[in-house]
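Data block below; observations after.
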Amino acid sequence: MGLGWPQAWLLGLPTAVVYGSLALFTTILHNVFLLYYVDTFVSVYKINKAAFWVGETVFLLWNSLNDPLFGWLSDRQFLSSQPRSGAGLSSRAVVLARVRALAWHGPLLALAFLAFWVPWAPAGLQFLLCLCLYDGFLTLVDLHHHALLADLALSAHDRTHLNFYCSLFSAAGSLSVFASYAFWNKEDFSSFRAFCVTLAVSSGLGFLGATQLLRWRVEAARRDPGCSGLTVDSGLCGEELLVGSEEVDGITLGQYLRQLARHRNFLWFVSMDLVQVFHCHFNSNFFPLFLEHLLSDHISLSTGSILLGLSYVAPHLNNLYFLSLCRRWGVYAVVRGLFLLKLGLSLLMLLAGPDHLSLLCLFIASNRVFTEGTCKLLTLVVTDLVDEDLVLNHRKQAASALLFGMVALVTKPGQTFAPLLGTWLLCFYTGHDLFQQSLITPVGSAHPWPEPPASAPARAPTLRQGCFYLLVLVPITCALLQLFTWSQFTLHGRRLHMVKAQRQNLSQAQTQDVKMV
């Protein structure tokens, strides 16, 4: 039976476009969540301080542990190097399993997002449950989406191509930040609630459509001997890479952790990425504060709001250019160049001082854009680590989601260190405690212009100076640490080509074994 014309037309879309569209359906929700969830519970639902900190503490623990937990539950059957002959999963079946997981978890993420904007329980309880539910489904979506990047393509060029469309669709999804300003009103919450319902419905339907399309493409490739349309580099043609089922004796979690402890490049990467995650979240948390105390006397409220919105969109657009550089020079060289650029710009800003306002405005914006851009490029490095892990430990299938989860376990504490260390440094240097201001807006909220306390004018120069030194010294320190750790990372150049070749040889060898069975 032939395909109908809509299905045939949709099957003609490139895999990279379909894969990238999944980033759109996540981004339209997540950026709105980041901007408004604190302000909603503090200003609209009037959560008390104790319940707020209890919720954030539980969320911190859950946020750190759920990545490796879900990764282990997803990929533990892939760790065995001795699959039972004739029984197991093919690479195509692994991709199908990840797509089915996204088809379930994507709409559930949209429902969890909706739960924030309708009061249905005491504020403290709702805050705790909403954070844990939302982050759990977000983690599941991110893990399987990132794992597909390693499963759908093998070459660095093709993975870069997939990531290009992720950045393009993420930039489009970030436009929801601009639209949200038209609906945000703490006094009349109904219009903003309707806006969030629209986002959630669009996201849920988008996940269902995109995952159904990916399933169609997998099934079409199974029937097509040429396997021309499924993957970027035909990585799933044939029934290669049989992997053991759960009945096979796999390695234990302790054995897997010992393997990671011997994986030198993994250790150097997570050391560098911990600093990067810290710096990304430091910029996100303190961006409104820097605008307020360094630029608010010189730019209008609307300009500040536009800058805040652009800070969410520009990194995705800029990443399109970074990815083109990656195709030419390699990810390692581009990331190293961004670290050097961060160090150079920060030193220049330190020498210029806080009174060069045009340079200061450019630095605040570029610091966030380049830092976020680096974070997005590092996904490609993790996919290379997935390949090296497979080769070093002679696995029969790459444990993509599990390795992404282990990276998150080590690096996510940087999210917590960023606001804690930033507020402590500011208090230590200036005596200014953010939590003691009665009228200040929570850091990272949608409104970057809180009313200053009555005593602010007397200490404004000291606070402004403290914000400036925090702005420039943190990236200088981060850049120096990252340049050292990144210099120890060897998975690039000849070694990366060798790992790619060995994984390709493993795929071909397994394909031949399957054909002989």
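Per-residue 3J(HN,Hα) values for segment 388-396, derived from phi via the Karplus relation 6.51 cos²θ - 1.76 cosθ + 1.60 with θ = phi - 60°, read 5, 4, 4, 6, 5, 9, 6, 6, 8 Hz in sequence order (x marks Gly and Pro). Looking at segment 263-405, the accessible area is 35 square angstrom per residue; that uses a 1.4 Å probe and ignores ligands, DNA and RNA.
Across 411, 462, the residue with the most accessible area heads the list, and the full order at a 1.4 Å probe is 462, 411. The heavy atoms of residue 376 present about 50 square angstrom of accessible area, all protein chains included, probe 1.4 Å.
For segment 145-207, the Kirkwood hydrodynamic radius comes to 14.1 Å, computed from all pairs of different C-alpha atoms. Across segment 147-164, computed HN-Hα scalar couplings (Karplus, 6.51 cos²θ - 1.76 cosθ + 1.60, θ = phi - 60°) run 5, 4, 4, 7, 7, 7, 9, 10, 6, 4, 4, 6, 5, 5, 5, 4, 5, 4 Hz from first to last residue, x flagging Gly and Pro.
Sorted on the mean count of surrounding Cβ atoms within 10 Å across their residues, most packed first, peptides 57-65, 197-205 read 197-205, 57-65. Solvent exposure of residue 72, expressed as accessible area, is near 50 Å², computed with a probe of 1.4 Å over the protein chains only. Applying the Karplus relation 6.51 cos²θ - 1.76 cosθ + 1.60 with θ = phi - 60° to segment 115-131 yields 3J(HN,Hα) values of 5, 6, 9, 10, x, 10, 7, x, 3, x, 5, 4, 4, 5, 5, 5, 4 Hz, where x marks Gly and Pro. Divide the volume of the convex hull around the Cα atoms of segment 15-221 by the residue count and you get 127 Å³ per residue. Taking all protein chains together and rolling a 1.4 Å probe, residue 372 ends up with roughly 30 Å² accessible.
Counting only residues at least eight positions apart within a chain, or on another chain, the lysines with an alpha carbon under 26 Å from that of residue 186 are 46, 49.
Remark: accessible surface ordering of 161, 279 (largest first) is 161, 279, probe radius 1.4 Å.
For segment 13-160, the solvent-accessible area of protein heavy atoms averages 35 Å² per residue (probe radius 1.4 Å; ligands and nucleic acids excluded). Give me the percent of accessible area attributable to carbon and sulfur for segment 110-222, probe 1.4 angstrom. Reported share for carbon and sulfur atoms: 71 percent. Residues with beta-carbon under 13 Å from that of residue 165, excluding residue 165: net charge, scoring Lys, Arg +1 and Asp, Glu -1? After counting each charged neighbour, the total is +1. Residues 498, 406, sorted by accessible area with the largest first, give 498, 406 [1.4 Å probe; ligands and nucleic acids excluded].
The values are calculated or read from the model by the stated rules, or taken from the named source; none is laboratory data. A quick note: this is a predicted structure, and the numbers were derived from the prediction, not measured. Glycine gets a Cβ as well: all are built from the backbone with ideal geometry, and neighbour counts include every protein chain shown. Protein only, heavy atoms only, side chains kept; ligands, DNA and RNA dropped before computing areas. Shrake-Rupley method; radii C 1.70, N 1.55, O 1.52, S 1.80 Å.
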